[in-house]
Every structure is written in structure tokens, then in C-alpha cells.
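What follows is calculated from the coordinates using simple rules that are stated; it is not laboratory data. Keep in mind that what you see is a predicted model, and the values were worked out from it rather than measured. Positions of Cβ are backbone-derived with ideal geometry, glycine not excepted, and every protein chain shown enters the neighbour counts.
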Amino acid sequence: MRIAIMGSGGVGGYFGARLAKGGADVTFIARGAHLEAMRKNGLRIDSTHHPIELPKVNATDDPSSIGKVDIILFSVKLWDTETAAKSLVSTIGPETGLISFQNGVQKDDMLRPIVGDKALIGGTSYIAASIKAPGVIAHGGANQRLVFGEFDRKPSKRVEAFHAACTAGGINAEINPDIGVEIWQKFVFLVGMSGATASMRANAGQIRSNPQTRQFMLDLMKEVVAVGIARGVALPPDYAEQRIAFIDTLPAEMVASMANDLREGKPLELPWLSGGVVDLGAAVNVPTPANRAVRDILTLHVNGKTN
């Protein structure tokens, strides 16, 4: 199976490495020092559970050099979506599937005008991974999981073939015929964790152990559930409460990637996380004051450090 990885950071780098280890023909699309390190030394996954050493990998900064592929794993940051998607047009054939493993629920709507309805496959990823050094991905904990499925809820050969490639690479993969609900379920958790840990500059353990901050995190997620239900998504009314119970099981030191980006002065995915909740809620007349507070508090940091 020919697979292109657009965005070879934590998510793309880790799952791309596992797919390559399983025998898939994988090409990593990257840039800068990370690309040069992969070209020279290959790709390494540092993990206490699933370490991987790939001395040689296919890596490029020019998607047009790859040719047509079967599957594209799309995992760039949300602000790079349009530019990255346009660069991939030459790799998309009649049966090519593009799976966005980005954050948020607006990602596929951003991609659809560029790559077309037929190419899009819904997907979500669950992993704590990041670039540790050029050519090296750090994987924290044991969790690593991909969930994907066609938006029309029908079985397809390309999804089944990709699932087989994932299995061969040791990826915990699941085909979900109702992938739209799965994407919203992750969104509930992600908005709560990103909004709380970034705006409070605190980790999950600190936030969940204080009654006021715990309630604020819960309110962030309850607003997402309310917006989703108003938009016709089949979320349980108590899904936010289910997620806060899940957050109680996470390592105390855990923070969302947006909190790390804020600390490091990088651009934030805020417009599509808490900001996305505000926009989507306004369209269906659902108030979202907690998420609006996070959006407004962090808005000066959206573009990262400017000096």
C-alpha cells in the first residue's frame, strides 16, 4: 500500500513509522531540520512501549515528486491546512483516500473544497507524541490508536486495506461506520483539556483537584456537547461528565498540545478549538460563555511570539 504522511510530527511520524515497519510503502512529507535528519539518519520512535528504529525512510518536501498514492495521512497543524492540502492534489487519484487526523470538527470542511468529497475519509487519532529532536519522535505512555471510516457509513475496500496495513504495523486501529460522532466525541475532550490547561497554565492534576477549575473544565465540555446536540450529533447528554471522569484517570502532569504551544511561543489552534465552539454555537443559537472566555483570554497569543 502506498501511503503519504503529510505532517511528520508526533502523530504522522509515529503512525507513519509503524506503517512502514509493517511493510507499507510510506513517504514522509516534512521540512527543515526534521526532513534533513530523516534523509540522513532515518526515523526513530523513542517509546517505553513501542520503540522503533528505521535507518532509512522515504522523505521529501515536494509532494509532487511522490506520484499517486492509496492513502494520505493528513496531520499538519490546522493553520497549515489549505496550503498543505493544495500541495497534495497531484498525489490524489480516483480511489485515493485522505484521512485527516487533525484536531477539531471543522477540519474536513476545510479540506473538502480542495480535495473533493470522494477523497475524504473521516478519522481521529489518540496518542501523546511529539518531535523530541530532528528525526526523533517521543511517544508517551502506551496509548496509540486510530479510528476511521467513510463519511457515507458504507464499507469500502480502501478503508479495509488501510486497516490491514495498520494491523500489520501494530497500530490499534478501528473502523467506525459512524465516524462523525467519533470526531465530535474527541472534540469534547480536546476542547476541555486544551482550553483549561492553556488558559490556566496548569496540568490536568492541578485543574481536576480544585473544585472551581474542575467545574470550569467541565463547563467547557458541556458547551461542546450542547452545540453538538443542537447540530444533530448523537452525543449522550451526560457525555461531558463521562469525559471528566476519564480525565480523572489520566497522568496528573498531562497538558494539551495547545498548552505546550503557548509555552513555547508557537501559533495556537485556538480558532478551531474554543473559538470553533463559539462560532458553531452562534450558528445554532447555543451560548458558549466558557469557551468564549478561553478564546478571548488567549487571542493575543494565537499567532505565537512575534519578536
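Peptide packing for 62-70, 84-92 was compared via the average number of neighbouring C-beta atoms within 10 Å per residue; ordered from the highest value, the list is 84-92, 62-70. Rounded to the nearest 500, the helix-only mean residue ellipticity at 222 nm of the chain stands at -13500 deg cm²/dmol, with each DSSP H run of n ≥ 4 adding -39,500 (n - 2.57).
Using only alpha carbons, the chain has a radius of gyration to Kirkwood radius ratio (Rg to Rh) of 0.95.
Where nothing but the Cβ of Lys and Arg (+1) and of Asp and Glu (-1) is charged, how large is the charge dipole of the stretch 2-177 around its Cα centre, in debye to the nearest 20?
On the way: 20 positive and 17 negative charges, 53 e Å.
The calculated dipole for the stretch 2-177 is roughly 260 debye.
Relative to the longest principal axis of the Cα atoms of the chain, helix 32-41 runs at roughly 40 degrees.
Quick one: length gained pulling Asp238 to Asn41 fully straight, 0.36 nm per residue minus the C-alpha distance? Show your work: numbers first, answer last.
Details: separation 197, 0.36 × 197 = 70.92 nm, distance 4.84 nm.
So the extension gain works out to 66.1 nm.
Here the chain is treated with +1 on each Lys and Arg Cβ and -1 on each Asp and Glu Cβ, and its dipole about the Cα centre works out to around 480 debye.
Along the chain, the exposed loop sites are GluC sites (Glu not before Pro) outside DSSP states H, G, I, E and B with at most 14 other Cβ atoms within 10 Å, and the longest stretch free of them is 1-252. Summarising the strand pairing of the chain, around 35 percent of its internal DSSP beta bridges are antiparallel.
With 5 Å bins beginning at zero, the pair-distance distribution over Cα atoms of the stretch 181-301 amounts to 2, 13, 24, 25, 20, 12, 4, 0 %. The lysines whose alpha-carbon is closer than 29 Å to the alpha-carbon of Lys132, local same-chain residues fewer than 8 away aside, are Lys21, Lys40, Lys56, Lys77, Lys86, Lys107, Lys186, Lys266, Lys305. Helix 274-283 axis versus longest C-alpha principal axis of the chain: approximately 70°, rounded to the nearest ten.
Lys and Arg at +1, Asp and Glu at -1: add these up for the other residues within a Cβ distance under 12 Å of Val11 and post the number.
Values: positive: Arg18, Lys77, Arg145; negative: none.
Spelling it out: positives minus negatives among the neighbours equals +3.
Let me check against my output: what whole-number percent is the relative contact order of the stretch 2-177, with C-alpha pairs under 8 Å and at least 6 apart? The partial results should precede the final answer.
On the way: 395 pairs, mean separation 44.8, N = 176.
Computed over the stretch 2-177, the figure is 25 percent.
When Rg and the Kirkwood Rh are both derived from Cα coordinates, the Rg/Rh ratio for the stretch 2-177 amounts to 0.93.
If both residues of a DSSP beta bridge must be in the stretch 2-177, then about 35% of such bridges are antiparallel.
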